[in-house]
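A short worksheet on the structure shown next.
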Amino acid sequence: MNLSTIVSRDELLEILKENKKRHIEIYNESFVGYMEKFKKDLEQKLDDLNNGINKNLGISFNPPISYEHEYDRAIRMMELHQSSTIELSIDNFNNLVMDEWNWTRNWITGCSDYSVMASGCAVTKGYI
């Protein structure tokens, strides 16, 4: 089925900017949580090393990734769009309005290791 909808460019811009704001908030909280977890793990590994404990010294935490550029690109496209309305396919609607990108599930579940906001979002969306 080929569904599409026509939306207001200005309304879509507002939605995109709000989605971007929420993305940045989750990313920032995740990065702080990541750094705290990373430092704590690094300090423990250094203690183990100083005490002669032979353990794996590898770091197993993946830092959060920001997809802010995806929002910037979509926002700029809407700013340059010449009409007051725009037709969105169902895929475009899912990305731009519903904030469901092909990377969303992995991003939210990854960030939820470090972020309360991401954890809440992951639960709400049924990812975890």
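Quick query: amide H of Thr85 versus all other amide H atoms, modeled in the peptide plane; which residues come in under 5 Å with a sequence gap of 5 or more or a different chain?
Those qualifying (amide H under 5 Å, at least 5 residues apart or on another chain) are Arg9.
Please sort 85-96, 41-52 by packing, taking for each peptide the average over its residues of neighbouring beta carbons within 10 angstrom, highest first.
85-96, 41-52
Does anything in region 22-44 have its amide N under 18 Å from the 7 Å Cα→Cβ label point of Ile59, and if so which residues?
Residues 28-44 qualify, since their backbone N sits under 18 Å from the label point.
Taking the Cα centroid of region 67-111 and of region 19-56, what is the distance between the two, rounded to the nearest whole Å?
Each part reduced to its Cα centre gives a spacing of 30 Å.
List the aspartates and glutamates whose Cα sits under 15 Å from the Cα of Lys45, skipping any in the same chain fewer than 8 residues away.
The qualifying aspartates and glutamates are Glu36.
Where a Cα-Cα gap under 22 Å defines reach, which lysines qualify for Lys125, not counting those fewer than 8 residues away within the same chain?
Those lysines meeting the cut-off are Lys17, Lys20, Lys21.
Read-outs: derived from the displayed coordinates by stated rules, not from any lab. Not measured: the values here are computed from a predicted model. Every residue, glycine among them, receives a Cβ derived from its backbone with ideal geometry; neighbour counts consider all protein chains shown.
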